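A.B. asks: Encoded as C-alpha cells, here's the structure I'll be asking about.
The values are calculated or read from the model by the stated rules, or taken from the named source; none is laboratory data. Note that this is a predicted model, so its numbers are computed, not measured. Backbone-built Cβ (ideal geometry, glycine too); neighbour counts: all protein chains shown. Each accessible area value is taken on the protein alone, full model and side chains, heavy atoms only, with ligands, DNA and RNA left out. Shrake-Rupley method; radii C 1.70, N 1.55, O 1.52, S 1.80 Å.
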Amino acid sequence: MEISVTLSNELKKRPTLAEEAALGFGKHFTDHMFIMEYTDGEWRNPRIEPYHRLSLDPSSSVLHYAQEIFEGLKAYRSPDGRILMFRPDANAERLNNSARRMCMPTINVDFNVEAMRRLVEVEKEWVPYSEGTSLYLRPTMFANDEALGVHAAHNYVYFIICSPSGAYYKDGLKPIRIRVEDRYVRAVRGGTGFAKTGGNYACSILAGDEAERDGYSQVLWLDGEHMKYVQEVGAMNMMFVINGKLVTADLEDTILPGVTRRSILTLARDMGMEIEERHIAIDELVAYAESGELQEAFGTGTAAVVSPVGELAYRDKHMVIGGGKIGDITMRFYNTLTGIQWGRLPDAHGWTKEVCRI
Ligand code: COI
C-alpha cells in the first residue's frame with residue numbers, strides 16, 4: 001500500500017532547546033499524524049496528513065465497549081546526525097498480539113514499521129535534542145462501528161501520533177516510591193492483561209490515584225487469584241536485584257510483555273548476570289528486603305525507560321531499597337540501554353532502525 005503525504009501549511013511552534021527541559025510526558029503533539037481505515041475486510045487509504053481531531057458518531061463502538069489497543073515507542077536523535085527508532089518491529093508485533101486478543105484486524109509488521117518511519121521522517125525536526133528527551137510515538141487502533149450490539153466491529157481506525165517528551169516521572173531519574181496494591185486487581189488469568197488495551201489502564205486509575213494521593217508514584221500489582229505474586233506496575237515491568245541475580249516475574253497472560261523488559265534481560269545476559277524469570281511472592285520480597293538481600297529494584301518501560309525504585313510499601317511495611325539511592329546495576333542498565341537508543345553505544349543486537357540522516 002502506498003502511503004500518501006499531505007503536509008500542513010500551518011506549523012506549530014516547536015519547543016526551543018531551553019523549553020525541552022520542561023517537556024514532561026505526552027503533553028505536546030507534532031504537526032502530522034498517520035491514519036488509515038479498515039472497512040470491508042481491508043486496511044485502506046494510508047496517509048500522513050496534518051494532525052487533526054477525529055470526528056466520531058456517538059454510537060461508535062469504541063466509546064461503548066472499549067475495543068481499543070495501542071503501543072508506545074520512541075525515536076531519538078543520535079550525536080552523529082541520525083534519527084533512530086528503537087525496536088519498532090517489536091511494537092508492531094505486539095500490536096498484532098493485542099489485536100488478536102481484542103478481536104481486531106492485524107497490520108502487516110513491515111508496513112506498520114514503514115508507516116512509523118515515514119511519519120518520524122516528516123516530523124524529524126520535532127525530535128528533541130536534550131539528554132533524556134525523545135519523540136514518543138503512540139500507534140492506536142480502535143473499533144468504529146456505528147452500532148450498539150456487543151460484537152467485534154467491522155470498521156476500525158488506526159493512527160499514529162507523535163509527542164516530543166522528556167522524563168515520564170516528573171522528577172526524572174530519581175528513585176520513586178511504589179505501593180504494593182492489595183485491594184484492587186489489574187488482570188486475571190484468561191483476561192487481557194498481556195494486551196496493550198485501554199481497559200487495562202482504565203481499571204488501574206483508581207488505585208493509581210489513591211496511591212498518588214498518599215505520595216507514591218505508582219502501584220505494583222499482585223496476581224488477581226492469590227493476591228500473592230508480584231506482577232507489574234502498569235506503565236512498567238518490575239525487576240529486582242536479589243543477591244546479585246536479576247529477578248523478574250515470568251510472563252503470563254496477566255503481564256504485558258514489555259519491549260524494554262525483553263531488552264534489559266538481553267543486556268543482563270550480555271553482562272553475564274544470572275537471571276530468574278519466575279513467580280515472586282510478595283512475602284519473599286519483604287523477607288529479602290528485611291535481610292538486606294534485595295539490593296536494587298527498578299521498573300522498565302518505553303515511557304519510563306529504566307526507573308529506579310527507592311521504596312516499596314506493602315501494608316504496614318515500608319521497604320527502603322538500596323538506601324533509597326539509585327543502584328549501580330540499575331544505573332548500568334540505564335546507561336547501556338539509553339546509550340544504544342541514542343546511538344552513542346554500539347547496537348550489537350540490531351535494535352535501532354535508522355529513520356533518516358539529517
Ligand atoms: C509506554 O511505556 O509506552 C506505555 O505505554 C506506558 C504508559 C505511558 C501507558
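A.B. asks: So which residues in the range 203-261 are more than 16 Å from the ligand (Cβ to nearest atom) and among the acidic types (Asp, Glu)?
C.D. replies: Glu210, Asp214, Asp223, Glu225, Asp250, Glu252, Asp253
A.B. asks: Is it true that Leu345 is at pLDDT 95 or above, within 14 Å of Met239 (Cα to Cα) and open to solvent by less than 80 Å² (accessible area, probe 1.4 Å)?
C.D. replies: Working: at pLDDT 95 or above: yes; within 14 Å of Met239 (Cα to Cα): no; open to solvent by less than 80 Å² (accessible area, probe 1.4 Å): yes.
No.
A.B. asks: Kindly establish whether Asp328 is open to solvent by 50 Å² or more (accessible area, probe 1.4 Å) and of a type in the set (D, E, K, R).
C.D. replies: yes
A.B. asks: Next question, about the same structure. Please work out if Glu277 is of a type in the set (Asp, Glu), outside the structural domain of Leu73 (by TED's automatic domain parsing) and touching a Leu at 6+ places or on another chain (Cβ under 9 Å).
C.D. replies: The answer is yes for Glu277.
A.B. asks: Right, another one. Taking strands (runs of 3 or more DSSP E) that fall entirely within the range 155-267, which contain at least 3 residues that are of a type in the set (A, V, I, L, M, F, W, C)?
C.D. replies: Once the strands (runs of 3 or more DSSP E) in the range 155-267 are filtered for at least 3 residues that are of a type in the set (A, V, I, L, M, F, W, C), what remains is 156-165, 176-180, 237-242.
A.B. asks: Let me ask something additional. Looking at the structure I just gave you, is Arg357 closer than 29 Å to Ser134 by Cβ, in contact with a strand residue (DSSP E or B) (Cβ under 6 Å, 6 or more places away or on another chain), more than 16 Å from the ligand (Cβ to nearest atom) and open to solvent by 60 Å² or more (accessible area, probe 1.4 Å)?
C.D. replies: So Arg357 passes the test.
A.B. asks: Now for a different question. Of all residues in the range 112-140, how many are modelled with pLDDT of 95 or more and either of a type in the set (Lys, Arg) or open to solvent by 10 Å² or more (accessible area, probe 1.4 Å) (or both)?
C.D. replies: 12
A.B. asks: Here are Gly191, Gly149: which of them is away from the ligand (no atom under 15 Å from the Cβ), assigned by TED's automatic domain parsing to the domain that holds Tyr76 and out of contact with any strand residue (DSSP E or B) (no Cβ under 6 Å at 6 or more places or on another chain)?
C.D. replies: Result of the check over Gly191, Gly149: Gly149.
A.B. asks: Pairs please, first residue from the range 32-46 and among the acidic types (Asp, Glu), second anywhere and in a strand (DSSP E or B), Cβ atoms under 8 Å, 6+ apart in sequence or on different chains.
C.D. replies: Glu37/Trp43; Glu37/Arg44; Glu37/Asn45; Glu37/Tyr156; Glu37/Val157; Glu37/Tyr158
A.B. asks: Just to be sure before I move on: is Ala92 free of Cβ contacts under 8 Å to residues at least 60 places away in the same chain, within 16 Å of the ligand (Cβ to nearest atom), outside any loop (DSSP other than H, G, I, E, B) and among the small types (Gly, Ala, Ser) in the structure I sent?
C.D. replies: yes
A.B. asks: Filter the strands (runs of 3 or more DSSP E) completely within the range 1-79 down to those with at least 1 residues that are of a type in the set (D, E, K, R), open to solvent by less than 50 Å² (accessible area, probe 1.4 Å) and closer than 27 Å to Pro164 by Cα.
C.D. replies: 42-50, 68-70, 73-77
A.B. asks: Now, a different point. Hey, can you tell me all the residues within the range 313-353 that are outside any loop (DSSP other than H, G, I, E, B) and in contact with a Gly (Cβ under 6 Å, 6 or more places away or on another chain)?
C.D. replies: Hit for the range 313-353 is Gly324, nothing else.
A.B. asks: Is it the case, given these coordinates, that Glu276 is open to solvent by 30 Å² or more (accessible area, probe 1.4 Å), part of a strand (DSSP E or B), among the charged types (D, E, K, R) and modelled with pLDDT of 95 or more?
C.D. replies: Yes.
A.B. asks: Is one or more of the residues making up the range 278-295 within 16 Å of the ligand (Cβ to nearest atom) and of a type outside the set (A, V, I, L, M, F, W, C)?
C.D. replies: Initially, the range 278-295 is screened for residues within 16 Å of the ligand (Cβ to nearest atom), giving none.
No, the range 278-295 contains no residue that is within 16 Å of the ligand (Cβ to nearest atom) and of a type outside the set (A, V, I, L, M, F, W, C).
A.B. asks: Of all residues in the range 280-295, how many are assigned to a strand (DSSP E or B) and either on the phi > 0 side of the Ramachandran plot or in contact with a Leu (Cβ under 9 Å, 6 or more places away or on another chain) (or both)?
C.D. replies: Total meeting the criteria: 1.
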